[in-house]
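Here is the structure we will look at, set down as structure tokens.
The values are calculated or read from the model by the stated rules, or taken from the named source; none is laboratory data. Keep in mind that this is a model prediction, so the values were computed, not measured. Every residue, glycine among them, receives a Cβ derived from its backbone with ideal geometry; neighbour counts consider all protein chains shown. Note: areas computed on protein heavy atoms with side chains; ligands, DNA, RNA excluded. Shrake-Rupley method; radii C 1.70, N 1.55, O 1.52, S 1.80 Å.
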Amino acid sequence: MSESTHTTNPFSAVQTPAVGVKIQHLSKSFGTVEVLKDVSFEVQPGEIFVLMGPSGSGKSVLLKHIVGLELPTSGQVLVDGKDAAAEETREQVRMALVFQAGALFNSLSVYDNLALYPREHRVGKESEIREKVMRALQILSLDNAAAKFPSELSGGMRKRVAIARALVMEPQLMLYDEPTSELDPVMSATIAEIIATLKEEYHVTSIVVSHDRDLTLAIGERVGILMGGKLLFLGNGAELRAPKDPKIADFLSPKIDVKNPRFRQLET
Amino acid sequence: MKPFVRVLEGVGSTVQLMVRAAYFLPTLPRQFGRFIDQCYLIGYTTLPIVAILSFFIGSVLALQAGYAAQNLGPKQFIGLLVGLSMARELAPVMVAVLLAGRVGSAIAAELASMKVYQEIDALETMNIPPVRMLVMPRLVAVVVMMPVLTIIADLVGWFGGAIVAKYTDFIAIEPASYFATMRQYMDFGDVMNGLVKAEAFGFVVVLVCCNIGLNTRGGPREIGAAVTRAVVTSLIIILVLDYFVTKALS
């Protein structure tokens with residue numbers, strides 16, 4: 001995949017410097033439960049970074065720290081060198097988070113879901129907003145879905161609408177929370193292709209939280225694996241294919257053993 | 001100790017929400033569509049039930065007053081009794097209770113569901129303050145619509161009382177006489193008294209329901225719990241506030 005330090009706006013073709021993310025000794029506790037334990041890594045401008053890990057390992061919580069929805073117990077998250085927790089950072093850096101379930105506004109049509117951001121931020125006249133929204137729908141092959149409501153969409157379409165809504169924000173940083181969960185293999189591949197295409201064509205820095213091994217190996221330029229709140233692996237696809245840590249090997253290629261099932265060994 | 005701390009936390013977060021909503025007040029022209037939607041929801045859709053209840057409350061008041069007046073004295077004061085009771089007490093309290101049950105529950109359910117299904121988080125990541133879009137237009141709409149609903153409740157209640165007073169055998173007073181005592185012994189201050197109460201009740205009900213909705217945590221089950229909490233809290237606040245506002249205004 002081509003490297004670029006500039007993100008191209010999908011609507012105006014204007015280029016802006018791509019942004020990087022730096023996680024420094026991040027720890028997060030909810031009450032007595034420590035969800036993230038001294039996590040540190042860096043995401044380079046313009047790359048696709050995939051964060052993997054079993055359910056409950058703290059991936060989504062980490063993502064929420066990057067967009068400023070959660071505050072660290074200790075440590076720091078820097079987006080483009082600025083503190084992610086600061087409100088000004090959200091004004092200076094355009095970040096878009098694609099939520100696991102889409103988080104589409106159920107009371108609004110697909111069109112209005114996409115138009116909400118430009119309308120609220122007054123980024124143009126209604127005709128310009130319309131053009132932008134229709135272009136975003138076109139990029140995601142959703143031309144005919146504009147008038148539909150989220151409840152009328154399939155799981156795959158909801159994810160695509162969520163990505164289109166993120167795209168309308170002209171993001172410098174795209175974050176995807178489990179973009180392929182609850183999707184069939186073909187739709188999962190489609191979403192992976194969309195993420196790769198957006199990176200390829202617009203050079204948007206992308207952080208993808210997933211436990212989809214196929215997606216990770218197909219599009220991840222670098223990969224981190226979180227387990228029990230700790231970052232146990234940081235490397236590229238080739239290194240991921242031959243993991244040294246048995247825990248990671250088991251996570252990536254779990255063997256089904258009906259005689260000695262895992263659930264009997266799980267803590268309650 | 002824990003419930004007391006929770007009440008204090010609730011009061012604190014509600015006051016914070018009010019301050020934040022006030023901060024976004026200058027952006028009302030940008031939220032005009034949402035403000036109109038809320039006026040429609042709070043005003044127009046609540047109107048039929050307000051009218052029906054006011055009519056029968058006025059009617060029952062006249063009937064009970066007539067029953068008492070059989071033994072006690074002059075029946076023409078029934079008009080004054082219905083007029084004052086509706087204007088100063090029953091109309092604002094009844095409208096506020098209806099608002100809590102009909103609109104407050106809907107607000108709490110909508111915002112709680114938006115919170116549980118991460119729509120509020122989505123707004124925050126889009127740098128759209130939820131208070132600006134979801135709370136401020138509702139508060140302005142309730143401030144605009146409460147006096148309208150209360151005046152309608154007053155008028156319909158008075159009218160209901162007048163009909164009962166005329167057509168009930170043991171009362172049988174003419175509307176002219178019924179309204180004459182009302183005009184003679186009531187002034188605009190009595191109506192204003194009720195309107196001030198209605199404003200206070202309506203504002204607090206919507207504020208509390210928004211706050212409970214926005215602070216919902218957990219899964220879909222919590223949406224139902226938030227609605228119950230919002231309605232019960234609103235009803236308690238209406239009655240407690242009623243005492244203090246009445247005392248302050250008397």
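Annotation note: Cβ proximity below 8 Å between a residue of the stretch B:15-32 that is among the charged types (D, E, K, R) and a residue that is in a helix (DSSP H, G or I) (sequence gap 6+ or interchain) occurs for B:Arg20/B:Val131; B:Arg20/B:Val135; B:Arg30/A:Glu120.
Quickly run through the stretch B:53-79 and pick out the residues that are farther than 20 Å from B:Val95 by Cβ, in contact with a helix residue (DSSP H, G or I) (Cβ under 8 Å, 6 or more places away or on another chain), of a type in the set (A, V, I, L, M, F, W, C) and open to solvent by less than 50 Å² (accessible area, probe 1.4 Å). Talk me through it step by step, then tell me what you get.
In the first step, residues of the stretch B:53-79 are kept if they are farther than 20 Å from B:Val95 by Cβ; the result is B:63-79.
If we keep only those that are in contact with a helix residue (DSSP H, G or I) (Cβ under 8 Å, 6 or more places away or on another chain) as well, we get B:63, B:65-66, B:69, B:75-79.
Then keep just the ones that are of a type in the set (A, V, I, L, M, F, W, C); that gives B:63, B:65, B:69, B:77-78.
Once the filter is applied, which keeps residues that are farther than 20 Å from B:Val95 by Cβ, in contact with a helix residue (DSSP H, G or I) (Cβ under 8 Å, 6 or more places away or on another chain), of a type in the set (A, V, I, L, M, F, W, C) and open to solvent by less than 50 Å² (accessible area, probe 1.4 Å), the stretch B:53-79 yields B:Ala65, B:Ala69, B:Ile78.
As a summary of the residue check, A:Gly56 satisfies the conditions (1) within 15 Å of the chain's Cα centre (by Cα); (2) surrounded by fewer than 23 Cβ atoms within 10 Å (Cβ to Cβ); (3) outside any strand (DSSP E or B) except for the one numbered (1). Of all residues in the stretch A:164-195, those being crowded, with 19+ Cβ neighbours inside 10 Å and either more than 14 Å from chain B (Cβ to nearest Cβ) or without any contact (Cβ under 8 Å) to a residue 40 or more places away in the chain (or both) number 8. Criterion applied to A:Val61, A:Val35, A:Val77 was being assigned to a strand (DSSP E or B) and under 28 Å from A:Ala196 (Cβ atoms), and the one residue passing it is A:Val77. Applying the criterion of being facing another protein chain (nearest Cβ under 9 Å) and part of a helix (DSSP H, G or I) to the residues of the stretch A:103-141, the residue that is most open to solvent (accessible area, probe 1.4 Å) is A:Arg119.
Exactly one residue among A:Gly224, A:Gly237 is open to solvent by less than 40 Å² (accessible area, probe 1.4 Å) and within 14 Å of the chain's Cα centre (by Cα), and that residue is A:Gly224. If you check B:Ala108, B:Ala172, B:Ala122, which single one turns out to be more than 10 Å from chain A (Cβ to nearest Cβ) and open to solvent by less than 10 Å² (accessible area, probe 1.4 Å)? Result of the check over B:Ala108, B:Ala172, B:Ala122: B:Ala108.
Run down A:Val79, A:Val50, A:Val43 and say which single residue is crowded, with 20+ Cβ neighbours inside 10 Å, modelled with pLDDT of 90 or more, within 14 Å of another protein chain (Cβ to nearest Cβ) and within 28 Å of A:Arg213 (Cα to Cα). Write out each step before concluding.
Working: A:Val50 fails: within 14 Å of another protein chain (Cβ to nearest Cβ); A:Val43 fails: within 14 Å of another protein chain (Cβ to nearest Cβ).
A:Val79 is the lone residue from the list that is crowded, with 20+ Cβ neighbours inside 10 Å, modelled with pLDDT of 90 or more, within 14 Å of another protein chain (Cβ to nearest Cβ) and within 28 Å of A:Arg213 (Cα to Cα).
In the stretch A:142-154, the residue that is nearest to the other protein chains (Cβ to nearest Cβ) out of those that are open to solvent by 10 Å² or more (accessible area, probe 1.4 Å) and of a type outside the set (A, V, I, L, M, F, W, C) is A:Ser151.
Here the condition is being out of contact with any His (no Cβ under 6 Å at 6 or more places or on another chain), in contact (Cβ under 8 Å) with a residue 12 or more places away in the chain, crowded, with 22+ Cβ neighbours inside 10 Å and within 12 Å of A:Gly229 (Cα to Cα); of A:Leu63, A:Leu36, it holds for A:Leu36 alone.
Does the stretch B:140-166 hold any residues that are among the hydrophobic types (A, V, I, L, M, F, W, C), within 14 Å of the chain's Cα centre (by Cα) and open to solvent by 10 Å² or more (accessible area, probe 1.4 Å), and which are they?
Going residue by residue through the stretch B:140-166, those that are among the hydrophobic types (A, V, I, L, M, F, W, C) are B:140-146, B:148-149, B:151-153, B:155-156, B:158-159, B:162-165.
Imposing the further condition that a residue be within 14 Å of the chain's Cα centre (by Cα) reduces the set to B:140-146, B:148-149, B:151-153.
Those that are among the hydrophobic types (A, V, I, L, M, F, W, C), within 14 Å of the chain's Cα centre (by Cα) and open to solvent by 10 Å² or more (accessible area, probe 1.4 Å): B:Val140, B:Val143, B:Val144, B:Met145, B:Val148, B:Ile151, B:Ile152.
Quick one: in the stretch A:82-98, of everything that is of a type in the set (A, V, I, L, M) and at the interface with chain B (Cβ under 9 Å from one of its Cβ atoms), which residue is farthest from the chain's Cα centre (by Cα)? Write out each step before concluding.
So the first thing to find is which residues in the stretch A:82-98 are of a type in the set (A, V, I, L, M), and the list is A:84-86, A:93, A:95-98.
Those still in the list that are at the interface with chain B (Cβ under 9 Å from one of its Cβ atoms) too: A:95-97.
Details: A:Met95: 10, A:Ala96: 8, A:Leu97: 6 Å.
It comes out as A:Met95.
Of all residues in the stretch A:85-102, those satisfying the criterion of being open to solvent by less than 40 Å² (accessible area, probe 1.4 Å), in contact with a strand residue (DSSP E or B) (Cβ under 6 Å, 6 or more places away or on another chain) and touching a residue at least 40 places away in the same chain (Cβ under 8 Å) are A:Val93, A:Met95, A:Ala96, A:Leu97, A:Val98, A:Phe99.
Within the stretch B:45-61, being touching a Leu at 6+ places or on another chain (Cβ under 8 Å) and not polar (S, T, N, Q) holds for B:Leu47, B:Ile49, B:Val50, B:Leu53, B:Ile57, B:Leu61. Inspection of the stretch B:201-221 identifies at least one residue that is free of Cβ contacts under 8 Å to residues at least 40 places away in the same chain, within 15 Å of the chain's Cα centre (by Cα) and either more than 14 Å from chain A (Cβ to nearest Cβ) or more than 15 Å from B:Gly104 (Cα to Cα) (or both). Every residue in the stretch B:26-52 that is over 18 Å from B:Arg102 (Cα atoms) and open to solvent by 90 Å² or more (accessible area, probe 1.4 Å), please. Those that are over 18 Å from B:Arg102 (Cα atoms) and open to solvent by 90 Å² or more (accessible area, probe 1.4 Å): B:Pro26, B:Pro29, B:Phe32.
The residue of the stretch A:1-33 that is most open to solvent (accessible area, probe 1.4 Å), among those that are closer than 17 Å to A:Ile207 by Cα and charged (D, E, K, R), is A:Glu3. Being among the hydrophobic types (A, V, I, L, M, F, W, C), closer than 13 Å to B:Glu124 by Cβ and touching a Ser or Thr at 6+ places or on another chain (Cβ under 9 Å) is not true of A:Val79.
Per the conditions (1) under 30 Å from B:Pro129 (Cα atoms); (2) at pLDDT 95 or above; (3) surrounded by fewer than 19 Cβ atoms within 10 Å (Cβ to Cβ), the sole criterion not satisfied by B:Ala21 is (3). Residues in the stretch A:196-206 that are surrounded by fewer than 24 Cβ atoms within 10 Å (Cβ to Cβ) and aliphatic (A, V, I, L, M): A:Ala196, A:Leu198.
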